[in-house]
Amino acid sequence: MQNKASIRVAFCGLSAALMLVVMLLGTMVPFSTFLCPGIAGALSIPVLWEFGLRPGMLLYAAVSILSLILAPDKEAAFLFVFLLGWYPILRPKLQHIRKRPLRGLVKWVIFAVAICAVYALLLFVFTMPELTAEMEEWTLPILTGLLLLGSVTFLCYDILLGRLQLLYVARLRPKLFSRNP
């Protein structure tokens, strides 16, 4: 007979290790500052689906702490901690908002507040010289365009999370957690 607690611990441990490896890969390719935290966040879908909210939140907390400590790219680590790591946990709750325009507005507000908080922290609290030098050259229209582009990218990420959840349930879940002995 299978011990469900040991399966949960092992699966969550492997998921955490895989998420952390993806976060550490973020320093190898320059554009992956945004890509790797998004992939790492999406890897929490099986844990949330199989074991629920509490193990999913513990997984997020563990990977967040380890990312902040180990990841050389602190911008990617902050993006994971403040947005892309916990959003897959919150997304199923947001999907219960019946009116699509309201649901979209709530998701956009979450994105805008989180991304502004990330960069405010990186610029004013944890002063990163290279990021500060880069942003000094930007004007208000450039920042507005970046926020708009980020909003479109976040919308694509939200759609992708929904599709990945469907893919997991239809294709991967039967292979990972088959009920046959």
Open item on the list: Using the Cα centre of the stretch 49-111 as origin and beta-carbon charges of +1 (Lys, Arg) and -1 (Asp, Glu), tell me which of Gly104, Gly56, Pro72 is placed farthest towards the positive end of the dipole.
Closed with: Gly104
Open item on the list: Suppose every Lys and Arg Cβ carries +1 and every Asp and Glu Cβ carries -1, with no other charges. What dipole size does the chain come out with about its Cα centre, to the nearest 20 debye?
Closed with: 1440
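Is it possible to state the helix-based mean residue ellipticity at 222 nm for the chain, with each DSSP H run of 4+ residues giving -39500 (n - 2.57), the sum divided by total residues, to the nearest 500 deg cm²/dmol? What is it?
The helix-only estimate for the chain comes to -23500 deg cm²/dmol at 222 nm.
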Task: Choice from Leu53, Leu43, Leu20 showing the highest fluctuation, given a GNM over the chain with Cα pairs closer than 10 Å - done: Leu53
Open item on the list: Can you give me the C-alpha center-to-center distance between the stretch 95-114 and the stretch 120-171, rounded to a whole angstrom?
Closed with: 16
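With +1 on each Lys and Arg Cβ and -1 on each Asp and Glu Cβ, how big is the dipole of the stretch 130-181 about its Cα centre, in debye rounded to the nearest 20?
Values: 5 positive and 5 negative charges, 197 e Å.
That gives the stretch 130-181 a dipole magnitude of about 940 debye.
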Task: Among Leu149, Gly38, Thr27 the positive-end extreme of the charge dipole of the chain (Cβ point charges) - done: Gly38
Open item on the list: Please list Leu59, Leu25 from largest to smallest accessible area, probe radius 1.4 Å, with all protein chains kept in place.
Closed with: Leu25, Leu59
TODO: Over the alpha-carbon set of the stretch 1-77, work out the extent along each principal axis and list the three values in angstrom, largest first.
DONE: 47, 20, 18
Open item on the list: Let me check something: with ligands and nucleic acids excluded, how do Glu134, Glu50 order by accessible area (1.4 Å probe), largest to smallest?
Closed with: Glu134, Glu50
Task: Listed residues Thr33, Thr139 arranged by accessible area, highest first, probe 1.4 Å - done: Thr139, Thr33
- [ ] Please count, across the stretch 53-181, the pairs of lysine residues with Cα atoms under 30 Å apart that sit 8 or more places apart or on different chains.
- [x] 5
Open item on the list: Can you work out the Karplus-derived ³J(HN,Hα) for every residue in the stretch 145-156? Use 6.51 cos²θ - 1.76 cosθ + 1.60 with θ = phi - 60°, whole Hz, and x for glycine or proline.
Closed with: x, 5, 5, 5, 5, x, 5, 5, 5, 5, 4, 5
Open item on the list: Placing one identical point scatterer on every Cα of the chain and ignoring solvent, what is log10 I(q)/I(0) from the Debye formula at q = 0.11, 0.12, 0.20 Å⁻¹?
Closed with: -0.52, -0.61, -1.46
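The values are calculated or read from the model by the stated rules, or taken from the named source; none is laboratory data. Remember, predicted model here, so these are calculated numbers, not experimental data. Cβ: placed from backbone, ideal geometry, glycine included. Neighbour counts: every protein chain shown. Just the protein is used for accessible areas: all its heavy atoms, side chains included, with ligands, DNA and RNA removed. Shrake-Rupley method; radii C 1.70, N 1.55, O 1.52, S 1.80 Å.
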